[in-house]
Amino acid sequence: MAKTRLEVVSPERVVLEDDADIVIVRGAEGDLGILHGHEPLITPLDIGELVYRRDGQEEVLAIAGGFLEVRPDKVVVLADAAERAEDIDRAKAEEARRRAEESVAEHHGDEMGAAAQASLQKALVRLRVSGRRHRRERPVGTEG
């Protein structure tokens, strides 16, 4: 299977450069699956997971919005924020979730509510991505 170059860039740094068999990401209109040779495309991204597969291995990142540019041989994600699963501090993500839930409850129905809801969504994605990493690292035969 032909590979596509995947680059994920945030304002702070290059988060990832790798080859991928497929890239799956949450666009503003829904999930997108990108294979090598995909038609050129530029689209906004929603808060969600970016999953890519390479040689049977699945990797996942947390993406907090931005843009996706697809070229015939390259996929570029210009993310507002992006984290690889192994870079997420689970305790900090749990704390961010707790604070965001409090803020959502406090600002329900007012103009701050949308920002609080977005913060909660980001925290939940970070926890989900981090949890996927922990499941992969668990020794065979263990439960949890």
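The values are calculated or read from the model by the stated rules, or taken from the named source; none is laboratory data. Owing to the predicted nature of the structure, the values given are computational and were not obtained by experimental measurement. Every residue, glycine as well, gets a Cβ built from its backbone with ideal geometry; the counts of neighbours run over all protein chains shown.
In the set (1) at pLDDT 90 or above; (2) within 22 Å of Arg132 (Cα to Cα), Ala91 fails one condition alone, (1). Checking Val129, Val104, Val51 one by one, the residue that is among the β-branched types (Val, Ile, Thr) and either within 20 Å of Thr4 (Cα to Cα) or in contact with a Lys or Arg (Cβ under 8 Å, 6 or more places away or on another chain) (or both) is Val51 and no other. Annotation note: Cβ proximity below 8 Å between a residue of the stretch 102-125 that is surrounded by 19 or more Cβ atoms within 10 Å (Cβ to Cβ) and a residue that is outside any helix (DSSP H, G or I) and among the charged types (D, E, K, R) (sequence gap 6+ or interchain) occurs for Val125/Glu49.
When Ala96, Ala79 are checked against the criterion of being surrounded by 12 or more Cβ atoms within 10 Å (Cβ to Cβ), in contact with a Leu (Cβ under 8 Å, 6 or more places away or on another chain) and either in contact (Cβ under 8 Å) with a residue 40 or more places away in the chain or not charged (D, E, K, R) (or both), a single residue qualifies: Ala79. Of the candidates Leu124, Leu50, the single residue that is at pLDDT below 85 and among the aliphatic types (A, V, I, L, M) is Leu124. Total residues in the stretch 15-31 satisfying the condition of being without any contact (Cβ under 8 Å) to a residue 40 or more places away in the chain, surrounded by fewer than 18 Cβ atoms within 10 Å (Cβ to Cβ) and under 13 Å from Val70 (Cβ atoms): the figure is 1. I'd like the residue in the stretch 82-93 that is small (Gly, Ala, Ser) and free of Cβ contacts under 8 Å to residues at least 40 places away in the same chain and, out of all such residues, is nearest to Val125 (Cα to Cα). My answer is Ala93. Considering every residue within the stretch 45-58, establish whether at least one is farther than 17 Å from Leu124 by Cβ and buried (at least 19 other Cβ atoms within 10 Å of the Cβ). Checked the stretch 45-58: at least one residue is farther than 17 Å from Leu124 by Cβ and buried (at least 19 other Cβ atoms within 10 Å of the Cβ). Quick check on my filter: what residues within the stretch 59-76 are in contact (Cβ under 8 Å) with a residue 60 or more places away in the chain and assigned to a strand (DSSP E or B)? Within the stretch 59-76, Val60, Leu61, Ala62, Ile63, Ala64, Lys74, Val75, Val76 qualify.
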